[in-house]
């Protein structure tokens, strides 16, 4: 299992790009999972449904399953937000895990930068930026792809991905 991240300012198009890259990676025969950090309260459940009522009643975890998918909801209540290393350890084995967000964490990332966003590049200040996807000029000595070159972006992400064990060691300080 290998891990690579996408980092960039809000509005850079990380989610849109990821939605285009995943089918390319899957077409190459890779099994892909993602981790997305949300900076706000979110809920994958529907108020009033049984699983929602279970959580509201105080269940720590609720697992909902069908013949098509399952979802495990874990209520943090008064617990701290889980660290990225803990979340990675919970995933089932796949070929590639793509992380969107957690940009302050120490793991290899591809920076997504859109000139129209009028924000500075992250890579001069983030030593974990390993590649660059942009429509703007840059003097960075990093592998680079254009925003619309999905095959090149997919190839870059695969080439720059790091083994899970190495990522977890780095995140937990066990370097």
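The values are calculated or read from the model by the stated rules, or taken from the named source; none is laboratory data. None of these values were measured; they are calculated from a predicted model. Ideal geometry is used to build each Cβ from the backbone, glycine not excepted, and the neighbour counts take in all protein chains shown.
How many residues are touching a residue at least 24 places away in the same chain (Cβ under 8 Å), assigned to a loop (DSSP other than H, G, I, E, B) and out of contact with any strand residue (DSSP E or B) (no Cβ under 9 Å at 6 or more places or on another chain) when one looks only at region 128-166?
0
Which residues, taken from region 31-48, are surrounded by fewer than 17 Cβ atoms within 10 Å (Cβ to Cβ), more than 29 Å from residue 124 (Cα to Cα) and in contact with a strand residue (DSSP E or B) (Cβ under 9 Å, 6 or more places away or on another chain)?
Across region 31-48, the qualifying residues are 31, 43, 44.
Here are some conditions: (1) under 29 Å from residue 159 (Cβ atoms); (2) in contact with a strand residue (DSSP E or B) (Cβ under 8 Å, 6 or more places away or on another chain). Residue 89 meets all but one. Which one does it not meet?
(2)
Please find, among 77, 69, 106, the residue that is over 30 Å from residue 162 (Cα atoms) and either surrounded by fewer than 18 Cβ atoms within 10 Å (Cβ to Cβ) or touching a strand residue (DSSP E or B) at 6+ places or on another chain (Cβ under 6 Å) (or both). I'd like the intermediate steps shown before the answer.
Numbers: 69 fails: over 30 Å from residue 162 (Cα atoms); 106 fails: over 30 Å from residue 162 (Cα atoms).
Just a single option satisfies the conditions, and that option is 77.
Go through (1) modelled with pLDDT under 90; (2) out of contact with any strand residue (DSSP E or B) (no Cβ under 9 Å at 6 or more places or on another chain) one by one and return the number of the condition residue 83 breaks.
The one condition residue 83 does not meet is (1).
What is the residue count in region 111-162 for residues that are surrounded by fewer than 13 Cβ atoms within 10 Å (Cβ to Cβ), under 19 Å from the mean Cα position of the chain (by Cα) and modelled with pLDDT under 95?
Total meeting the criteria: 1.
Within the group 27, 7, which residue is under 19 Å from residue 155 (Cβ atoms), surrounded by 10 or more Cβ atoms within 10 Å (Cβ to Cβ) and more than 17 Å from the chain's Cα centre (by Cα)?
On the way: 7 fails: more than 17 Å from the chain's Cα centre (by Cα).
Sole residue among the options that is under 19 Å from residue 155 (Cβ atoms), surrounded by 10 or more Cβ atoms within 10 Å (Cβ to Cβ) and more than 17 Å from the chain's Cα centre (by Cα): 27.
Do we find a residue being under 14 Å from the mean Cα position of the chain (by Cα), closer than 23 Å to residue 24 by Cβ and surrounded by 17 or more Cβ atoms within 10 Å (Cβ to Cβ) anywhere in region 84-91?
Checking region 84-91: at least one residue is under 14 Å from the mean Cα position of the chain (by Cα), closer than 23 Å to residue 24 by Cβ and surrounded by 17 or more Cβ atoms within 10 Å (Cβ to Cβ).
Which members of region 52-66 meet the condition of being surrounded by 11 or more Cβ atoms within 10 Å (Cβ to Cβ) and closer than 30 Å to residue 96 by Cα? Walk me through it before giving the result.
Here is the first cut: in region 52-66, the ones surrounded by 11 or more Cβ atoms within 10 Å (Cβ to Cβ) are 52-56, 59-60, 62-64.
60, 62, 63, 64, listed by residue number.
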